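Note sheet for the following structure.
The values are calculated or read from the model by the stated rules, or taken from the named source; none is laboratory data. Being a predicted model, the structure only gives us computed values, none of them experimental. A quick note on method: Cβ atoms are made from the backbone with ideal geometry, for glycine too, and the neighbour counts reach across all protein chains shown. Keep in mind that these areas ignore ligands, DNA and RNA; they rest on the heavy atoms of the full protein, side chains included. Shrake-Rupley method; radii C 1.70, N 1.55, O 1.52, S 1.80 Å.
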Amino acid sequence: PKKSGMSSKKDKKKKKNELELLEEALVGNAEKQAKAAKKKERERKEREERMQMERDKLAKQKAASRDPLFANTHAMIGSMDDSDNGQDDVKVGRAANRANAEALSASSIEGALSALSTGGEEDQHPEKRMKALHKAFEERMLPEMKQQYPGLRLGQYKDKIFQLWKKSPENPMNQPRPVLKS
């Protein structure tokens with residue numbers, strides 16, 4: 001009877017160990033499967049991101065390769081057919097640019113600049129360049145002010161120069177404004 005009791009305890013322990021091993025194997029297998037699933041998902045997302053980046057890159061290259069004048073003209077007037085209004089002599093977009101360039105032939109740099117100029121040589125809005133004009137005036141006047149008023153700080157020199165700038169004929173705000181034609 002003792003042997004049968006011991007063997008039954010050993011059998012129970014064996015069965016328990018086997019069950020534990022089986023459970024560990026199942027849990028381990030489940031963990032492995034979960035890790036594999038996460039890895040697959042991560043790889044899929046990375047692949048999708050790479051594909052999206054490639055698509056974006058191709059789209060940028062395509063947009064960059066397209067003529068900006070044509071794109072701008074197309075955006076402004078839409079897709080317009082010449083046969084719609086029967087106006088074959090009206091040039092639009094690149095054709096207008098080419099016709100303009102052919103009409104303005106220049107053989108030197110000066111000729112090209114004069115051909116590209118918009119016409120009116122008079123500055124219509126000098127107040128837009130006031131900051132640069134003031135800076136140039138300040139740079140020109142600073143040495144004179146340092147001679148006249150030695151020992152001042154830079155801020156004090158700049159204040160005095162600004163007071164002169166307000167009254168200067170170089171200041172565009174002190175010049176008579178041109179009458180704009182409407």
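Under 30 Å of direct C-alpha separation, and excluding same-chain neighbours fewer than eight residues apart, Lys158 reaches these lysines: Lys128, Lys131, Lys135, Lys146, Lys166, Lys167.
Can you tell me how much longer the chain between Met173 and Glu41 gets when fully stretched, taken as 0.36 nm per residue apart minus their C-alpha distance, in nm with one decimal? Could you put the intermediate results ahead of the total?
Values: separation 132, 0.36 × 132 = 47.52 nm, distance 6.70 nm.
Roughly 40.8 nm would be gained on extension.
Once the Cβ-Cβ distance of Ala34 and Leu58 is raised to the sixth power relative to R0 = 41 Å, the FRET efficiency obtained is 0.65.
For Phe137, Phe162, give me the order by solvent-accessible area with a 1.4 Å probe, most accessible first, ignoring ligands, DNA and RNA.
Details: Phe137 10, Phe162 85 Å².
These residues rank, largest area first, as Phe162, Phe137.
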